[in-house]
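The values are calculated or read from the model by the stated rules, or taken from the named source; none is laboratory data. These figures come from a predicted structure and were not determined experimentally. Every residue, glycine as well, gets a Cβ built from its backbone with ideal geometry; the counts of neighbours run over all protein chains shown. To get the accessible areas, we keep the full protein, side chains included, count just its heavy atoms, and leave off ligands, DNA and RNA. Shrake-Rupley method; radii C 1.70, N 1.55, O 1.52, S 1.80 Å.
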Amino acid sequence: VDGSVTFTATALDASGVALSGYPVVFTGSAGTFFSSIANTTTAYTNTAGVATAVFKGKTIGTGTITATSGGKSATSSYTILAGGARTVAVDAATVAMAPGESKRVTATVKDSYGNVVDAQAVTIAYVGTAGRVASVNGVSSSTGTTDTNGQVVVELTAESAGTGTLTLSFTGGS
């Protein structure tokens, strides 16, 4: 997401001669954008008959751009990948457990458009008078990597009564 892709359309007459000054309308599919307010723009061909437009993606998946001029159109597609990690959210703000119990906290990492970010390294820290991190994604570790759903699972356990704070963080984003 937010990576720029330049699309080029060439307008030619029936003899193959470049058409200069012709409007070409570039229209993006949902999940793409030309500017912050639109996913459609009009560009005019240069002396070589070429018009260009730069689009970005905001929803992971396939984006398509259609160029239309003089009743003719052509479509091109590109793959939109998740952007850099921007937010991390947990499924539980507080967790209560009795000594000897364990609870799972699932954290989800997303980019600035709400797309989940996979393969993001997440650092886990726990500080408190009781309890500890028992596992991260099923193994004993202080770091984890998000899965294809943008999630990392932290299992907490408590040996005695008390309190603690779990902190999850990653490098980059906000």
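Within region 89-100, the set of residues being surrounded by fewer than 13 Cβ atoms within 10 Å (Cβ to Cβ) and in contact (Cβ under 8 Å) with a residue 40 or more places away in the chain comprises A98, P99, G100. Please indicate, with yes or no, whether at least one residue in region 120-137 is closer than 26 Å to L81 by Cα, part of a loop (DSSP other than H, G, I, E, B) and hydrophobic (A, V, I, L, M, F, W, C). No, that holds for no residue.
Can you report the number of residues in region 138-152 which are assigned to a strand (DSSP E or B), farther than 28 Å from T79 by Cβ and touching a Ser or Thr at 6+ places or on another chain (Cβ under 8 Å)? Here the count works out to 1. Of everything in region 69-88, what is surrounded by fewer than 17 Cβ atoms within 10 Å (Cβ to Cβ) and either modelled with pLDDT under 90 or assigned to a strand (DSSP E or B) (or both)? Give them in sequence order. Of everything in region 69-88, those that are surrounded by fewer than 17 Cβ atoms within 10 Å (Cβ to Cβ) and either modelled with pLDDT under 90 or assigned to a strand (DSSP E or B) (or both) turn out to be K72, S73, A74, T75, S76, S77, Y78, T79, L81, G84, T87. In region 56-67, of all residues being polar (S, T, N, Q) and open to solvent by 60 Å² or more (accessible area, probe 1.4 Å), the one that is nearest to T45 (Cα to Cα) corresponds to T62. The residue that is surrounded by the fewest Cβ atoms within 10 Å (Cβ to Cβ), counting only those in region 136-161 that are touching a strand residue (DSSP E or B) at 6+ places or on another chain (Cβ under 6 Å) and within 23 Å of G100 (Cβ to Cβ), is S142. Of all residues in region 120-135, those that are of a type in the set (S, T, N, Q), surrounded by 13 or more Cβ atoms within 10 Å (Cβ to Cβ) and touching a residue at least 24 places away in the same chain (Cβ under 8 Å) total 2.
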